[in-house]
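Just so it is clear, none of the values below were taken in a lab; they were calculated from the coordinates. What you see is a predicted model; the values in this text were computed from it and never measured. Positions of Cβ are backbone-derived with ideal geometry, glycine not excepted, and every protein chain shown enters the neighbour counts.
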Amino acid sequence: MKISQREMILGVATLAAGLAWLTWYIVSNKMDEYKAKATEIEKLERQISFNQKAIKMQEDWLGELNELQKGLRVFDTKQKSVAPELMKTIKQISDKHGMDITRNQPRSEKPIGDLFELAINCTWQSDLEAMVDFLAELQQQGVRYDVRTLNVKPVGNNTGKLGGNMLIHCAYTKKPNAGKK
């Protein structure tokens, strides 16, 4: 049995057509999966980029946090209450500016990670200039003190005195043996 050249060409063409059809069939079945994977890869690349930016931002934030923590007061972890010392400091600042704090009332201490916050409700009386000077000095203390509520009302008739109360949030850290050198 001899295969003619024409039959050889038809056989090769049929084989090529069959392979082309088989390739198209396999590829078309995988095309949807390929598109889904390509979309997933694109989504994951965006997520990786976002996460890398977040990691970089976290490093920056940690650097800023460390700088801010350097300005905080450090108390010993064994110290029962820091409220008296904080109230004494606030009283010293108010006395320096001629502001009369008539009553201090600390609230409960709130731990926020390694930081602690204690709110002190202060009732006060002074003139406007003393109050502004007091608030300006608290502002210059950095993140140590934050006046979140300030109520002001006139005291008496035409005395020029003001009174009210304010809620001062004091931030600090605690470390073992912080008071000892």
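Which angle between 0 and 90 degrees, to the nearest 10, do you get for helix 5-70 versus the longest principal axis of the chain when only C-alpha atoms count? Between helix and principal axis, roughly 10 degrees.
Each of the peptides 92-101, 1-10 was scored by the mean count of other Cβ atoms within 10 Å over its residues; in descending order, highest first, they stand as 92-101, 1-10. Quick one: Cα centre-to-centre distance for region 26-47 and region 72-104, in angstrom? Using only Cα atoms, the two centres lie 63 Å from each other.
When the Gaussian network model of the chain links Cα atoms closer than 10 Å, the mean-square fluctuations of Glu85, Glu67, Glu42 top out at Glu42.
Output the direction-averaged projected area (hull surface divided by four) of the convex hull of the alpha-carbon atoms of region 1-70, in nm². Could you put the intermediate results ahead of the total?
Details: hull surface 32.2 nm².
So the mean shadow area of the Cα hull is 8.1 nm².
Remark on Phe75: its backbone amide H falls under 5 Å from those of Thr173, Lys174, Lys175, a criterion applied only to residues 5 or more positions apart or on other chains, H modelled at 1.01 Å from N.
Extension gain for Asn51 to Lys161 (0.36 nm times residue separation, less C-alpha to C-alpha distance): 34.1 nm. Per residue, the average separation of C-alpha pairs within less than 8 Å and at least 6 apart gives the chain a relative contact order of 22 percent.
In a reduced charge model with +1 at each Lys and Arg Cβ and -1 at each Asp and Glu Cβ, region 1-70 shows a dipole moment near 480 debye about its Cα centre. Debye-formula intensities of region 73-175, expressed as log10 I(q)/I(0) at q = 0.12, 0.22, 0.23 Å⁻¹, are -0.40, -1.15, -1.24 (one equal scatterer per alpha-carbon, no solvent).
From the P(r) of the chain, could you give the percentage of C-alpha pairs in the tail past 28 Å?
On the way: 9262 of 16290 pairs.
Summing the P(r) tail past 28 Å for the chain gives 57 percent.
Once the Cα atoms are used to define both axes, helix 83-96 deviates from the longest principal axis of the chain by about 60 degrees.
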